[in-house]
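First the structure, in the form of structure tokens, and then the observations on it.
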Amino acid sequence: MSTPLLQRFKLSGGGGSALKVRVIGVLAFQLLLVVIFGVLAPRFLSWDNAQSILFTAAILAMAAAGQTLVVLTGNLDLSVGSIMGLCAYVVFDVASQHTWLMGLTVPFAILLGAALGAINGLLVTYLKIPAMVATLGTLSVYRGMVSFYANAMEVTSGELPGWIRDLATARWLGLSSYVWIAAGLVALVGLVLSRLPWGRKLYAYGSNPRAAYYYGLNENRILIGAYVAAGAIAGFVGLLLGAQVGNINSLVASGFEMQVLAAVVIGGVSIWGGSGSVYGAALGAIVLATINNGLVLLGVQEFYRLLFQGVAIVAAVAVDALVQKRVLSATSRRSILEVAA
Amino acid sequence: MTRIARKFSAELLLVVLIVLAGLWSAQLSPYFLDLNNLMNSAAFFVVFGLMAFGLFPVVVQGEIDISLASTLAVASVLFAKLSVSGVPVLVALPIVLVVTGGLGAINGLLVAYGGLPSLAVTLGTLGAYRGIAYLLAGDAGVTGLTDDYTLLGQSWVGVVPSTVVLFLVFALVIGVLMETTKFGRYSYALGANPAASRTAAAPVRQTRVAAYALAGVAAGLAGFVWVNQYQSARGDNADGAILFVLTAVVLGGVSIKGGSGRALGVLLSTVLLATIQTGMKLANVPGTSQTLVVGLLLIAAIGGPTLVQLIRNGVGKLRPAAPARG
């Protein structure tokens, strides 16, 4: 009995350590970036610049936290940028016209985002539309709705509620308020994933939907929940992004989904679902923000960013494929040994 | 007769919808049914149609390629660059098509041999190829193309613009390829059941790479039509066109899960989308609101049948079915 137990321990370590190596790999990549940019552009290593990187990463990390919930189930949400834009424009426009609503902008944005996310979830679960197609559709539908609503108008920064304008520029303990909000949100999502039953179910469903079904998990409830939460977070982040941008038109955050997905995938959340963490996604956001910042400091054309980002996505997924192979072979060997014992 | 009607029911529905959309557009503007207007409008959608027929075999195989519009941008910029440096168009055409076919093949190699999910791969190359296009074109883009590169956009075969003829020929080639060749049969088999195809010793990987390379060539041709029609090229050419292209494929009855769909359906759905968009343009619907309609059509095309089924079964009795994956 003792031998298989020992082997089991070792073999499960084989899969687990592959996952650990994945996170360490991202960390090492980040360090490498810091060293390279630090050598090439001396200004890169200043405290001001670090703050600017963190500020960029904060918004990306929050959006990536929402996306992580969906990607963990083995699906994805391409409409995140459109939800952000729609919530930012509609909420600020309504608030600028009805001043008594100014205090309620945050719950309003969260509710609106959650409703849009729920539509995504319903399309994927009840109408059984593949997530990629459903959210590609809602990407344009939501964007079309906001441009229809906006009618080529703008909400200027003067019309925004004063407190949210102050929030965008506020500093708490030397860091931008957004960085603290992002840290809080990422920690909250991380806790939900690791402590609440729903979080565990998300991983269970993502790693094996069929097994989760036979176990008795409600597929629809898990999936719709993930989309609603992702939508709510996107609505909230859209609000913060809008406050930072100032003058809001119907194109806010268009194309943002690319960066969000890149952050999630680079951060080690498996595109097959069931594996990865929200902290990894936040790390991915920091990596992306570092690349953006460094390339700007080096005076490299903006276009290289697209190229780097694209290559980074493919590279990260390729590494994930290797990790998945390791984990799968480790677990299948283990189950064979268990049967033998 | 009924058997034929049943086999082509999706196509018949599309024809009915095209007629309805045409009537609606004619209602909006007396100029819609003008032959010149109709042909000019058709020419505008050739670029999208070519990409749709490039995407069609890929989707039949159960995969996806969302990088096609970026490949188009690489092609259009390359054509413009070659034109400005004095390369004759007949030399440039094979060069660019080989390059874009290669870009497609890179997608295919990563999917087929790397075992990576096609969505993630082409999401990556969507950005990467767009970056390449920008790098080649520079900030301002490329203008001042020589006449031989823009000839096709200003010539007609009878009353039909040459670009439309090019599209119809390409559609026919893809249709014949999918219906009569080994590549076509393997594609349907692969989409219907990849594991069974592998067991049956079908050349799974080669067929996948071939489909992606073909899609790249189609995007290259679309880039050629682009420079012919617009006489210039920029890095952001056709950005976001994939929504229209994917909608055309899926609306044409090609299952997004692979294994089914016919070229005729894709052709008809391209015509339908073109008619609707032209109608909206005549009605002065702004561009972004047009994408709203296309997005709704995409969702309706895939979700519609399930919705009908749901209503028929009664939503109350609904139980989550066992997911197919796993």
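The values are calculated or read from the model by the stated rules, or taken from the named source; none is laboratory data. Model, not experiment: these values are computed from the prediction. We place every Cβ from the backbone using ideal geometry, glycine too, and count neighbours over all the protein chains shown.
Of all residues in region A:241-289, which are of a type in the set (Ser, Thr, Tyr) and within 11 Å of chain B (Cβ to nearest Cβ)? Spell out how you get there, then give the answer.
First, the residues of region A:241-289 that are of a type in the set (Ser, Thr, Tyr): A:250, A:254, A:270, A:275, A:277, A:279.
Answer for region A:241-289, where residues must be of a type in the set (Ser, Thr, Tyr) and within 11 Å of chain B (Cβ to nearest Cβ): A:Ser250, A:Ser254, A:Ser270.
If we keep just the residues of region B:278-315 that are within 13 Å of another protein chain (Cβ to nearest Cβ), touching a residue at least 12 places away in the same chain (Cβ under 8 Å) and of a type in the set (S, T, N, Q), which is farthest from B:Ser255 (Cα to Cα)?
Going through the qualifying residues, I end up with B:Gln290.
Tell me yes or no: at least one residue of region A:69-82 is assigned to a helix (DSSP H, G or I), hydroxyl-bearing (Ser, Thr, Tyr) and at pLDDT below 90.
Looking for residues that are assigned to a helix (DSSP H, G or I), hydroxyl-bearing (Ser, Thr, Tyr) and at pLDDT below 90, one finds none in region A:69-82, hence no.
Provide a single number: the residues in region B:123-159 that are hydrophobic (A, V, I, L, M, F, W, C) and more than 21 Å from the chain's Cα centre (by Cα).
Result for region B:123-159: 11.
Assuming A:Glu257 fulfils every condition listed in (1) surrounded by fewer than 24 Cβ atoms within 10 Å (Cβ to Cβ); (2) under 22 Å from B:Asp236 (Cα atoms); (3) under 17 Å from the mean Cα position of the chain (by Cα) apart from one, which condition is it?
For A:Glu257, the exception is condition (1).
Every residue, every condition in (1) surrounded by fewer than 18 Cβ atoms within 10 Å (Cβ to Cβ); (2) more than 21 Å from the chain's Cα centre (by Cα), yes or no:
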{"site": "B:Val15", "(1), (2)": "yes, no"}
{"site": "B:Ala21", "(1), (2)": "no, no"}
{"site": "B:Ala42", "(1), (2)": "no, no"}
{"site": "B:Gln61", "(1), (2)": "no, no"}
{"site": "B:Val77", "(1), (2)": "no, no"}
{"site": "B:Pro88", "(1), (2)": "yes, yes"}
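For the condition assigned to a helix (DSSP H, G or I) and within 14 Å of another protein chain (Cβ to nearest Cβ), what is the one hit in A:Gly144, A:Gly158, A:Gly199?
Numbers: A:Gly158 fails: within 14 Å of another protein chain (Cβ to nearest Cβ); A:Gly199 fails: within 14 Å of another protein chain (Cβ to nearest Cβ).
After applying the criteria, what remains is A:Gly144.
Restricting attention to region B:104-162, report how many residues are more than 9 Å from every other protein chain (Cβ to nearest Cβ), over 29 Å from B:Thr207 (Cβ atoms) and assigned to a loop (DSSP other than H, G, I, E, B).
Qualifying residue count, region B:104-162: 11.
Does A:Val323 satisfy being touching a residue at least 60 places away in the same chain (Cβ under 8 Å), farther than 22 Å from B:Gly138 by Cβ and within 12 Å of another protein chain (Cβ to nearest Cβ)? Talk me through it step by step, then tell me what you get.
On the way: touching a residue at least 60 places away in the same chain (Cβ under 8 Å): yes; farther than 22 Å from B:Gly138 by Cβ: yes; within 12 Å of another protein chain (Cβ to nearest Cβ): no.
Judged against the criteria, A:Val323 is not a match.
Before we move on, is A:Thr169 free of Cβ contacts under 8 Å to residues at least 60 places away in the same chain, surrounded by fewer than 19 Cβ atoms within 10 Å (Cβ to Cβ) and not aliphatic (A, V, I, L, M)? Steps first, answer last, please.
Numbers: free of Cβ contacts under 8 Å to residues at least 60 places away in the same chain: yes; surrounded by fewer than 19 Cβ atoms within 10 Å (Cβ to Cβ): yes; not aliphatic (A, V, I, L, M): yes.
So A:Thr169 passes the test.
Scan (1) within 14 Å of another protein chain (Cβ to nearest Cβ); (2) under 14 Å from A:Leu54 (Cβ atoms); (3) of a type outside the set (A, V, I, L, M, F, W, C) for the single condition A:Asn208 breaks and write down its number.
In the conditions (1) within 14 Å of another protein chain (Cβ to nearest Cβ); (2) under 14 Å from A:Leu54 (Cβ atoms); (3) of a type outside the set (A, V, I, L, M, F, W, C), A:Asn208 misses (2) alone.
Can you find, within region B:249-276, the residue that is surrounded by the fewest Cβ atoms within 10 Å (Cβ to Cβ) among those that are away from chain A (no Cβ under 14 Å) and of a type in the set (Ser, Thr, Tyr)?
Filtering region B:249-276 for residues that are away from chain A (no Cβ under 14 Å) and of a type in the set (Ser, Thr, Tyr), the one surrounded by the fewest Cβ atoms within 10 Å (Cβ to Cβ) comes out as B:Ser260.
Is one or more of the residues making up region B:46-55 under 22 Å from B:Leu268 (Cβ atoms), aromatic (Phe, Trp, Tyr) and assigned to a helix (DSSP H, G or I)?
The answer is yes, given that some residue of region B:46-55 is under 22 Å from B:Leu268 (Cβ atoms), aromatic (Phe, Trp, Tyr) and assigned to a helix (DSSP H, G or I).
Out of curiosity, is A:Ala212 on the phi > 0 side of the Ramachandran plot and either in contact (Cβ under 8 Å) with a residue 60 or more places away in the chain or part of a helix (DSSP H, G or I) (or both)?
Taking the combined requirement at face value, the residue does not satisfy it.
For region A:291-315, give me each residue that is touching a residue at least 60 places away in the same chain (Cβ under 8 Å) and crowded, with 23+ Cβ neighbours inside 10 Å.
Result: no residue meets the conditions.
When A:Gln301 is evaluated against the numbered criteria (1) within 10 Å of another protein chain (Cβ to nearest Cβ); (2) part of a loop (DSSP other than H, G, I, E, B); (3) closer than 25 Å to A:Val189 by Cα, which criterion, by number, is the only one it fails?
(3)
What are the residues in region A:304-333 that are under 16 Å from A:Gly25 (Cβ atoms) and either assigned to a loop (DSSP other than H, G, I, E, B) or of a type in the set (D, E, K, R) (or both), if any?
At the first step, the residues of region A:304-333 found to be under 16 Å from A:Gly25 (Cβ atoms) are A:311-327.
If the condition is that a residue be under 16 Å from A:Gly25 (Cβ atoms) and either assigned to a loop (DSSP other than H, G, I, E, B) or of a type in the set (D, E, K, R) (or both), then A:Asp320, A:Lys325, A:Arg326 are the ones that fit.
Residue-by-condition table, conditions (1) farther than 28 Å from B:Ile299 by Cβ; (2) facing chain B (nearest Cβ under 9 Å):
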{"residue": "A:Pro130", "(1), (2)": "no, yes"}
{"residue": "A:Thr135", "(1), (2)": "no, no"}
{"residue": "A:Ala187", "(1), (2)": "yes, no"}
{"residue": "A:Val192", "(1), (2)": "yes, no"}
{"residue": "A:Asn218", "(1), (2)": "no, yes"}
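If only one of A:Ile110, A:Ile119 is more than 10 Å from every other protein chain (Cβ to nearest Cβ), part of a helix (DSSP H, G or I) and hydrophobic (A, V, I, L, M, F, W, C), which one is it?
After ruling out the rest, the residue left standing is A:Ile110.
Looking at region A:112-144 only, could you name the residues that are polar (S, T, N, Q) and crowded, with 24+ Cβ neighbours inside 10 Å?
A:Asn120, A:Thr135, A:Thr138, A:Ser140
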